[in-house]
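Novice: Structure below; questions to follow.
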Amino acid sequence: MSHRNKRGIAFLVVAAGLLLAGAAAFAQDQPAPKWEVFAGYSWADSNAKLKGVPLRNYPVGLGVAGTYDFNKWLGLTLDYGGHFNSSTSGTRIPSTLNTFMVGPKLTFRGEHFSPFIEALVGASRLAPDHFHQDTRLGAIGGAGIDMNLTRHWALRVIQADYMYANHRFVSGGSAQTGFSHTILHGVRLQGGIVYLGGGEEEAAVSASCSVDPSEVWAGEPVKATVTPQNFNPKHKLNVDWTTNGGKVGGTGQSVTIDTTGAAEGQSYNVGAHLTDPHDKKAVASCQTSFSTKKRLPPTITCNANPSSVVQGGSITIHSDASSPQGGPVTVAVTSGCGASGQGTDVAVDTSSIQPGSCNVTCTATDDHQLTASSPASFSVQEKPAPPQPPPTLVLRSVYFATAQPTAKNPNAGLVKSQQQTLTGVASEFQKYLAVKPDAKLELEAHADPRGSEEYNQALTERRAARVKSFLVAQGVPGDSVDTRALGKQEQLSADNVKQSMEDDPSLTAGEKRRLQTNMRTIVLAANRRVDMKVEAPGVPSQLSERKYPFSAADALSLIGGREKPKVAPRPRTGTRKGTARKGTTKGGTRRKKK
């Protein structure tokens, strides 16, 4: 190769490098195709010698390449180059050169130009005249630049590659004549047409407008925003705003609209027009609207709680008031009967209000002096006379003899003294019911601990029923008496009974001592009882006094003995026959004192 050719190739390589650098510097993102097909002219110079004689360059050549793009930068290229030189003039050796290579390709896709670099390996087939052809492993590396014509077509302005292969030839057509080596380190220049296929179609540009809020009071600001779609994100867009509802403040994709002077209750339009200064075809417009509110009067409802009270009671006038605009609201209550006040809850003292109906008016006023009213009413009842307190009851527990009443005679068992006690209770309880008709007399029947659970339960049921039937016979309503049979539950202890005896003023000290000598019998008798309790709403409960009737004439029957009539003592008329005098034994023998 002449020095001129070498300089020309060097110039082309440098120019291609400058084009690549410049295009890469100003590259813009472009949608990536899925695959690319290149076809075009290819010129090559092997820059190789055989036995000191250089090979001719290749003015006739074809370049074909297909690339599969994994993304917008990286692809895999399959490259074929066919180069021919059949001229026999001159001293150079004619030959043919075919390459079939594969390797990665890196593309920097721009709006107008797409520079790329590639590195390929594969087969290098060199066939000089008078030598056998030789195919070896070769490599091609270089760069190029495509000029984008349309979405699917591009013009490969130049592609400059460096080719390398190490060939070995048999000279003279026979191995016996010897071998010749040559290293191919040449240059390949290509240009042609590129078809870009597949990939996503470029979407049309558009824009959407929005306002926040969409409804305002006249004079309040409105924020308007435009959102572009499918514009080049690296380009700064020009936005022109228009509105018939105020004044636009600011520039860009978000502005503020001053609605001062806009009429109430009207709708107004807002529009935006977008243009890309780098792309005349990228134009889009959008419109939206906002409205102004019309001020409405407040709303109010009110009621009296409670709606009726006795004179002197308290009533609350409650109001629910609000403004449709959300502003503050004040409430005033007026009437002709003396009920008045400020606020949503007005307390009314009816002490000075005459009995009868009272009408009130609740009025709501907003911050623009718009008003609304709502009526309410309540009634005041004359204050009744204070209720008569119920009389004081004197309740005393009643006691039964052992095993009384029996199942055969359930109406027995109440001795005379206990009947007298129940007669007094019945009379007083009837007077109590006249004042407290909802009162209840509760009877709780007990038994001493002797006997089984079942026996004592049935026994106390009979005792409670017997006391109730006696009271009903005395005129007490049956539905005012409740009964409970507790069996041998809730037993009084010896200490409880002893304390009751100590507190009994009807017993002398001597009687208390004599009773304590038979304490077990007394405790059993104290547990054979029916207690009484009166319950009435608003009145404290009253319990019967558990005071055993030791002083009753029939107390011995309750304890377990029998009552016997007293016998008058005989008058003394002298010493009876057979009766020993004091201090002597029968027969006249005097007893000795101990």
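Read-outs throughout are calculated quantities, based only on the coordinates presented, and are distinct from any laboratory measurement. This is a predicted model, so every value here is computed, not measured. Here Cβ is always computed from backbone atoms with ideal geometry, including for glycine, and neighbour counts include all displayed protein chains.
Novice: Would you kindly derive the ³J(HN,Hα) couplings of segment 424-429 from the backbone phi angles with the Karplus curve 6.51 cos²θ - 1.76 cosθ + 1.60 (θ = phi - 60°), listing them in order in whole Hz, with x for Gly and Pro?
Specialist: x, 4, 4, 5, 5, 5
Novice: ALA123 versus ASP240, label points 7 Å from Cα toward the beta carbon: distance in nm?
Specialist: 6.4
Novice: Return the calculated 222 nm mean residue ellipticity for the chain, to the nearest 500 deg cm²/dmol, obtained by summing -39500 (n - 2.57) across DSSP H runs with n ≥ 4 and dividing by the residue count. If you can, show how the numbers build up before the last one.
Specialist: Values: 7 runs with 94 residues, N = 594.
It lands at -5000 deg cm²/dmol.
Novice: Right, another one. Pulled fully out, how much extra length does the chain show between ASP320 and ILE183, if you take 0.36 nm times their separation in residues and subtract their Cα-Cα distance?
Specialist: Working: separation 137, 0.36 × 137 = 49.32 nm, distance 10.10 nm.
Here the segment from ASP320 to ILE183 would lengthen by 39.2 nm.
Novice: Please name which of SER289, ALA127, ASN166 has its Cα lying farthest along the dipole of the chain towards the positive end, using unit charges on Cβ (Lys, Arg +1; Asp, Glu -1) and the Cα centre as origin.
Specialist: SER289
Novice: At a Förster distance of 60 Å, what's the computed FRET efficiency of TRP217 paired with GLU535, Cβ-Cβ distance as r, to 0.05? Intermediate results must be reported in sequence, preceding the final value.
Specialist: Working: r = 66 Å, r/R0 = 1.10.
Computed FRET efficiency for TRP217 and GLU535: 0.35.
Novice: Another one. Based on the Cα gyration tensor of segment 344-495, what are the three equivalent ellipsoid semi-axes, each the root of five times an eigenvalue, rounded to whole Å and given largest first? All intermediate terms of the calculation are to be shown ahead of the outcome.
Specialist: On the way: eigenvalues 702, 79, 33 Å².
Its equivalent ellipsoid spans semi-axes of 59, 20, 13 Å.
Novice: Evaluate the relative contact order of the chain (contact order divided by residue number), counting alpha-carbon pairs under 8 angstrom at least 6 apart; express in whole percent. Write out the running numbers ahead of the final one.
Specialist: Working: 1331 pairs, mean separation 44.5, N = 594.
Normalised by residue count, the contact order of the chain is 7 percent.
Novice: Follow-up question, since we're still on this one. With the crude spin-label approximation of a point 7 Å out along Cα→Cβ, what separation in nm comes out for LEU543 versus ASN409?
Specialist: Once both label points are built, they end up 3.4 nm from each other.
Novice: Still on this model: Could you pull the Cα extents of the chain along its three principal axes, largest to smallest, in whole Å?
Specialist: Here the Cα extents, ordered largest to smallest, are 200, 87, 45 Å.
Novice: Over 26 Å between Cα atoms: which of LYS468/LYS498; LYS223/LYS293; LYS236/LYS293; LYS416/LYS468; LYS223/LYS294; LYS468/LYS488 fall into that group?
Specialist: Values: LYS468/LYS498 29 Å; LYS223/LYS293 16 Å; LYS236/LYS293 36 Å; LYS416/LYS468 16 Å; LYS223/LYS294 20 Å; LYS468/LYS488 20 Å.
Long pairs (Cα-Cα over 26 Å): LYS468/LYS498; LYS236/LYS293.
Novice: Would you kindly state how much longer the chain becomes between MET519 and LYS293 on full extension, computed as 0.36 nm times their sequence separation minus their alpha carbon distance, in nm to one decimal?
Specialist: Working: separation 226, 0.36 × 226 = 81.36 nm, distance 9.57 nm.
Taking MET519 through LYS293 to full extension adds about 71.8 nm, to one decimal.
Novice: Now for a separate question. Karplus couplings for segment 91-103 from phi (6.51 cos²θ - 1.76 cosθ + 1.60, θ = phi - 60°), rounded to Hz, Gly and Pro as x?
Specialist: Coupling constants for segment 91-103: 9, 6, 8, x, 6, 10, 9, 10, 10, 9, 10, 9, x Hz.
Novice: Using the crude model of +1 on Lys and Arg Cβ and -1 on Asp and Glu Cβ, and no other charge, please compute the dipole size for the chain relative to its Cα centre, in debye to 20. Don't jump to the answer; show the numbers that get you there.
Specialist: Numbers: 65 positive and 49 negative charges, 1427 e Å.
For the chain, the charge dipole is close to 6860 debye.
Novice: Still on this structure: Using the Cα centre of segment 326-466 as the reference point, and only Cβ charges (+1 on K/R, -1 on D/E), how large is the resulting charge dipole? Debye, rounded to the nearest 20. Write out the running numbers ahead of the final one.
Specialist: Working: 11 positive and 13 negative charges, 241 e Å.
Value, rounded to 20: 1160 debye.
Novice: Let me ask something additional. For segment 420-513, what is the relative contact order in percent, using Cα pairs closer than 8 Å and at least 6 residues apart in sequence?
Specialist: Details: 93 pairs, mean separation 32.8, N = 94.
Contact order relative to length: 35 percent.
Novice: Using only alpha-carbon positions, what ratio does the radius of gyration of segment 255-356 give when scaled by 2.2 N^0.38 Å? All intermediate terms of the calculation are to be shown ahead of the outcome.
Specialist: Details: Rg = 27.3 Å, N = 102, 2.2 N^0.38 = 12.8 Å.
Dividing the Cα radius of gyration by 2.2 N^0.38 Å gives 2.14.
Novice: Considering the dipole of segment 380-494 built from charges on the beta carbon (Lys and Arg +1, Asp and Glu -1) around the Cα centre, which of TYR432, PRO389, PHE470 is farthest to its positive end?
Specialist: In segment 380-494, that residue is PHE470.
Novice: I've got another one for you. Counting residues in segment 194-340 as N, plug N into 2.2 N^0.38 Å and put the Cα Rg over that result.
Specialist: Numbers: Rg = 27.4 Å, N = 147, 2.2 N^0.38 = 14.7 Å.
Taking N as the residue count of segment 194-340, the ratio is 1.87.
Novice: Follow-up. Provide, for q = 0.12, 0.14, 0.23 Å⁻¹, the log10 of I(q)/I(0) from a solvent-free Debye sum over equal Cα point scatterers in segment 43-113.
Specialist: So the normalised log intensities work out to -0.48, -0.59, -0.96.
Novice: Which whole number of Å³ per residue matches the convex hull of the alpha-carbon atoms in segment 104-240? Don't jump to the answer; show the numbers that get you there.
Specialist: Numbers: hull volume 19.1 nm³, N = 137.
With only Cα atoms used, segment 104-240 gives 139 Å³ per residue.
Novice: Further, regarding this structure: For a quick check of your reading of the filter: which trypsin sites (Lys or Arg not before Pro) in segment 392-488 sit in a DSSP loop and have no more than 16 other Cβ atoms within 10 Å? Intermediate results must be reported in sequence, preceding the final value.
Specialist: Values: sites: ARG396, LYS408, LYS416, LYS431, LYS440, ARG450, ARG462, ARG463, ARG466, LYS468, ARG484, LYS488; in loops: LYS408, ARG450, LYS488.
Here the trypsin sites (Lys or Arg not before Pro) that fit, given the DSSP loop and packing criteria, are LYS408, ARG450.
Novice: Taking only Cα atoms of segment 346-386, what ratio of Rg to Rh do you get with Rh as the Kirkwood inverse-distance radius? Kindly include the intermediate steps, with their values, before the conclusion.
Specialist: On the way: Rg = 15.0 Å, Rh = 12.7 Å.
Rg/Rh: 1.18.
Novice: Find how much the distance from TRP153 to GLN430 grows on full extension, using 0.36 nm per residue of separation minus their present alpha carbon separation; answer in nm with one decimal. Each step should come with its number before you reach the end.
Specialist: Working: separation 277, 0.36 × 277 = 99.72 nm, distance 11.74 nm.
Extending this stretch completely gives an extra 88.0 nm.
Novice: According to the Kirkwood expression over distinct Cα-Cα pairs, how big is the hydrodynamic radius of segment 402-469, in Å? Intermediate values should be presented prior to the final figure.
Specialist: Numbers: mean 1/r = 0.0746 Å⁻¹.
About 13.4 Å, per the Kirkwood formula over Cα pairs.
Novice: For the pair GLN419 and GLU454, what calculated FRET efficiency results from E = 1/(1 + (r/R0)^6), where r is the Cβ-Cβ distance and R0 = 41 Å, to the nearest 0.05?
Specialist: It comes out at approximately 0.90.
Novice: Next question, about the same structure. Evaluate the distance, in nm, between pseudo-label points positioned 7 Å from the Cα of ASP367 and of SER469 along their respective Cα→Cβ axes.
Specialist: 8.3
Novice: Over segment 414-559, what portion of Cα pair distances is larger than 22 Å, expressed as a whole percent? Please list the in-between numbers first.
Specialist: Values: 4658 of 10585 pairs.
Result: 44 percent of Cα pairs exceed 22 Å.
Novice: Next question. With +1 on each Lys and Arg Cβ and -1 on each Asp and Glu Cβ, and nothing else charged, work out how big the dipole of segment 473-517 is about its Cα centre, in Debye to the nearest 20. Present the calculation step by step, with values, prior to reporting the outcome.
Specialist: On the way: 6 positive and 8 negative charges, 59 e Å.
Magnitude of the dipole: close to 280 debye.
Novice: Next question, about the same structure. Which order, highest average first, do 247-256, 115-124, 269-278 follow once you tally other Cβ atoms within 10 Å for each residue and take the mean per peptide? Write out the running numbers ahead of the final one.
Specialist: Working: 247-256: 13.9, 115-124: 19.4, 269-278: 17.7.
Ranked by mean Cβ neighbours within 10 Å, highest first: 115-124, 269-278, 247-256.
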